[in-house]
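Engineer: Below are the structure tokens for one structure; questions will follow.
The values are calculated or read from the model by the stated rules, or taken from the named source; none is laboratory data. Keep in mind that this is a model prediction, so the values were computed, not measured. Ideal geometry is used to build each Cβ from the backbone, glycine not excepted, and the neighbour counts take in all protein chains shown.
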């Protein structure tokens, strides 16, 4: 059964959401503030989260940041629910990695459609990514190992290395990514692929780390490529006039095809 977590501090709205979703056959978890909501998400790993913006303890933005920084909850579709309909509020939520923004007041149909669209897109995305990953990993001529502490997937003794940052790339963790890229180039890897499929947000410090890493990579005649960036990260590149520094591919498969690395 599909589980949905509803985080809403207004009792009447929270109960209304629960009733609507249970009538649709969903298993519903509820939380009356952001702090409890984060705890429930980390404990139960729901299939989708609906979250109000203005709440005590933690507001909706802080809830989203916390969940996107946790590898166990990073992929959960997240819908903001708020009476605030200003463009800046919408952009802030989407830039932090929200999947949709539902404005109060809403109808049961609005809620059902928003959830249906997000769940369908999530299913399609995961299926496509699994197919790409299976093909990509099948093309590696050497073994792979996962380093849980960093979330970096390393291809050992191969002509290229795949690095997969997850969550939020900001000043707290961008130096680690830069180091991984530079070490790969220094080790003689000819192509370093940064797969951003699970990267939900990047700020200017993360972009700066990539620029510095790219400069170092070029010094040793290696190549840094990037794939699967989302719209927000692409906009960041473009606004910084740095979109021509990196070779960017829509997906890992496009990268492998370009370098003729296939089964």
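Engineer: Looking only at residues that are over 14 Å from residue 53 (Cα atoms) and not in a loop (DSSP other than H, G, I, E, B) in segment 88-108, which one is modelled with the lowest pLDDT?
Structural biologist: 95
Engineer: Shifting gears a bit: Among the listed residues 67, 81, 111, 48, which satisfies the condition of being modelled with pLDDT of 85 or more, buried (at least 18 other Cβ atoms within 10 Å of the Cβ) and more than 20 Å from residue 200 (Cα to Cα)?
Structural biologist: The unique qualifying residue is 111.
Engineer: For segment 195-210, how many residues meet the condition of being crowded, with 16+ Cβ neighbours inside 10 Å and over 14 Å from residue 234 (Cα atoms)?
Structural biologist: So the answer is 2.
Engineer: Considering (1) assigned to a loop (DSSP other than H, G, I, E, B); (2) closer than 16 Å to residue 112 by Cβ; (3) within 20 Å of the chain's Cα centre (by Cα), say which one residue 25 fails and leave the rest.
Structural biologist: Among (1) assigned to a loop (DSSP other than H, G, I, E, B); (2) closer than 16 Å to residue 112 by Cβ; (3) within 20 Å of the chain's Cα centre (by Cα), residue 25 violates only (3).
Engineer: Which condition from (1) in contact with a helix residue (DSSP H, G or I) (Cβ under 8 Å, 6 or more places away or on another chain); (2) at pLDDT below 95 is the one that residue 10 breaks?
Structural biologist: Among (1) in contact with a helix residue (DSSP H, G or I) (Cβ under 8 Å, 6 or more places away or on another chain); (2) at pLDDT below 95, the lone unmet condition for residue 10 is (1).
Engineer: Give segment 48-74 a look and list any residue that's under 17 Å from residue 101 (Cα atoms) and in a loop (DSSP other than H, G, I, E, B), or say none.
Structural biologist: Correct list: 53, 54, 55, 59.
Engineer: Residue by residue through segment 213-230, note down the ones that are in a helix (DSSP H, G or I) and more than 19 Å from residue 201 (Cα to Cα).
Structural biologist: Within segment 213-230, 214, 215, 216, 217, 218, 219 qualify.
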